[in-house]
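Structure, as structure tokens:
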């Protein structure tokens, strides 16, 4: 269970506070795949980062009783001065991985397909290379809940297909909370939906109902 209690989040630009999320109260049950839906700037990625613990709310709290991944598809969080290999080792240590570390590193290196750059500083990577490394790293560890922010949209066509297969295989052993602009992907992967608009969040038991409400508001 992930409980979101009275969560609000703001970003201050030029001294002006912009409340992206306002007093959100939602429970996300275990074993339910959920799609986050809303216009650009509605706070979908922000909420995903809050759920994953990459950011903190300005008000309220998030209670997690399950092991939650960081948002797959977001390439932030790497240490730029460290190589890809060093970043992988660091994350593995954080997660207490001691056995089969060499094997895990090899799998991530092969999956990311960034060649010699794996042993070069991450600060020299393109955004696509960072996303590939982040994707491979995310799938190397087992979580109860996987967070996805357009996770399978990076790379060329061949890499996208490989990423989609690996992603579905890994998520099949847990549940998913995802952001995607592809309605087909949301309908295929998700059961329920959270619709974000004007800082508020509404839960829908059916992903199709959340999508319908999004379109209704977009046309009004």
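I'd like the FRET efficiency for residue 16 and residue 79, computed as 1/(1 + (r/R0)^6) with the beta carbon distance as r and R0 of 45 Å, rounded to 0.05. Working shown, then result.
Values: r = 32 Å, r/R0 = 0.71.
FRET efficiency, residue 16 to residue 79: 0.90.
Per DSSP helix of 4 or more residues, -39500 (n - 2.57); summed, then divided by the residues of the chain. What does that give at 222 nm, rounded to the nearest 500?
Details: 7 runs with 79 residues, N = 220.
The helix contribution divided over the chain gives -11000 deg cm²/dmol.
Over its Cα atoms, what ratio of radius of gyration to 2.2 N^0.38 Å does region 55-138 give?
Working: Rg = 14.1 Å, N = 84, 2.2 N^0.38 = 11.8 Å.
Expressed relative to 2.2 N^0.38 Å, the Cα Rg reads 1.19.
Could you give the spread of the C-alpha atoms of region 1-89 along their three principal axes, from largest to smallest, in whole angstroms?
Computed over the Cα atoms, the extents are 41, 40, 23 Å.
Can you list, largest first and rounded to whole Å, the semi-axes you get for region 59-208 by taking the square root of 5 times each eigenvalue of its Cα gyration tensor?
Numbers: eigenvalues 155, 62, 47 Å².
In descending order the semi-axes read 28, 18, 15 Å.
Taking only the Cα atoms of region 138-220, how large is their convex hull per residue, in Å³? Walk me through the numbers before you get to the answer.
Working: hull volume 9.5 nm³, N = 83.
In region 138-220, the Cα hull volume divided by residue count equals 114 Å³.
If you build a Gaussian network model of the chain, linking Cα atoms that sit under 10 Å apart, which residue out of 106, 173, 52 swings the most?
In the Gaussian network model the winner is 106.
Given a 10 angstrom Cα cut-off, can you work out which residue in 60, 208, 15 is the most mobile in a GNM of the chain?
Its mean-square fluctuation being the largest, the pick is 15.
Could you calculate the FRET efficiency of residue 64 with residue 101 from 1/(1 + (r/R0)^6), where r is the beta carbon distance between them and R0 is 35 Å, rounded to 0.05? Present the calculation step by step, with values, prior to reporting the outcome.
Numbers: r = 26 Å, r/R0 = 0.74.
About 0.85, to the nearest 0.05.
Quickly work out the residue 93-to-residue 120 label distance, labels modelled 7 Å from Cα along the C-beta direction, and quote it in nm with one decimal.
The two pseudo-label positions are separated by 2.5 nm.
Compute the distance in nm between two label points, each set 7 Å from the Cα along the Cα-to-Cβ direction, one at residue 218 and one at residue 40.
1.2 nm
Using Cα-only point scatterers and the Debye equation, what is log10 of I(q)/I(0) for region 89-154 at each q in 0.23, 0.25 Å⁻¹, rounded to two decimals?
Reported log10 I(q)/I(0), two decimals: -1.11, -1.25.
To the nearest 0.05, how large is the calculated FRET efficiency for residue 197 and residue 144 if R₀ is 35 Å and r is the Cβ-Cβ distance? Write out the running numbers ahead of the final one.
Values: r = 28 Å, r/R0 = 0.81.
With a Förster radius of 35 Å, E is 0.80.
Here, each number is a calculation from the coordinates, and none is a lab measurement. Just so you know, these numbers come straight off a predicted model, no measurement behind them. Here Cβ is always computed from backbone atoms with ideal geometry, including for glycine, and neighbour counts include all displayed protein chains.
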